[in-house]
1. Before rounding to the nearest 500, sum -39500 (n - 2.57) across all DSSP H runs of length at least 4 in the chain and divide by the residue total; then give [θ] at 222 nm in deg cm²/dmol.
2. Could you work out how far the C-alpha centroid of the range 1-25 sits from that of the range 150-172, in angstrom?
3. About the Cα centre, and with charges only on the beta carbon of Lys, Arg (+1) and Asp, Glu (-1), how big is the dipole of the range 15-169? Nearest 20 debye, please.
4. Past the 32 Å Cα-Cα mark, which pairs from Lys152/Lys193; Lys26/Lys188; Lys132/Lys226; Lys147/Lys188; Lys108/Lys165; Lys31/Lys180?
5. When only C-alpha pairs under 8 Å and at least 6 residues apart count, what is the relative contact order of the chain, in percent?
6. Work the Kirkwood hydrodynamic radius out for the chain: mean of 1/r over every pair of different alpha-carbon atoms, inverted, in Å.
7. Return a whole-number percent for the relative contact order of the range 181-236, with Cα pairs under 8 Å and 6 or more residues apart as the contact set.
8. For the residues His178, His201, His114, what sequence is obtained by ranking on other C-beta atoms within 10 Å, fewest first?
Amino acid sequence: MKSFLLNPKFEVDDIISYTELTAAEKMNLQKGMNFNVNPEYSVFLMSVRKGAPYADKIDEKTNTLIYEGHDVPSNISDKPKEVDQQLITPNGSLTENGKFYTAAQSYKLNLIKHPHRIKVYEKIQNGVWCYKGFYNLIDAKIENDGKRNVFKFYLQPVEIKSMKKEVVIPFNRVIPTHVKVEVWARDKGRCVKCGSTENLHYDHDLPYSKGGTSLTAENVRILCMKCNLSKSNKILSLPPILFP
Ligand SMILES: [Zn+2]
């Protein structure tokens, strides 16, 4: 069976259009939270831009991305930001919050062996998206923010090596969305080397292995696939070591 996990259409930090996103998932994703879009994973669409509807952030202590749950739809309340986020719908079925909350609790109670997998895409600006990779849903809480109850989902970034093997990625290797938004504006949505606007990718100037961080815009830039490849060729074609 072809595995969606092992054959992702994109590399982490690829910049894509909304059309490419929906084509890759073979469905029109309108909601932020999309439970079990196929047997192997769910999809979250996230956005932390100014005026964005949901507060998502990285928690450095737990090495997790915290994703806030969804408000009630406007046919239930005309002030969705003022009422509790819901676990179940009026007809008694689980909301998307409820499905993910149940999945996280099942993992914590050892009812399922592996945490629920979520593929994350983030919005850079209208029509511009970035593939953020796979995350494990390791916890979920219902918190009172002083006014109402909201859901918090705790996602751990992972790199999937094979169906049985995955590696947890430290938070400082994940480029936060606000850094991507800043870099996109600074580099004007183009490859910094050749000016191309196609097949773009967020590139680390100094690789992680050499101490580069992804937490500031200074070390991140936009490169097209071609310039990115010629960069790695340069690293591979180091001058030969001459033995006497
Ligand atoms: Zn280029």
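1. That calculation yields -5500 deg cm²/dmol at 222 nm.
2. Their Cα centres are 17 Å away from one another.
3. 260
4. From the list (Lys152/Lys193; Lys26/Lys188; Lys132/Lys226; Lys147/Lys188; Lys108/Lys165; Lys31/Lys180), the Cα-Cα distance tops 32 Å for Lys152/Lys193; Lys147/Lys188.
5. Once divided by the residue count of the chain, the mean separation gives 18 percent.
6. About 19.5 Å, per the Kirkwood formula over Cα pairs.
7. It comes to 38 percent, rounded to a whole number.
8. Least to most surrounded, the residues fall as His114, His178, His201.
No lab work stands behind these numbers, since they all come straight from the coordinates. Predicted model only: the values in this text are computed from it and were never measured. Because the Cβ atoms are built from the backbone with ideal geometry, glycine has one as well, and the counts that use them run over all protein chains shown.
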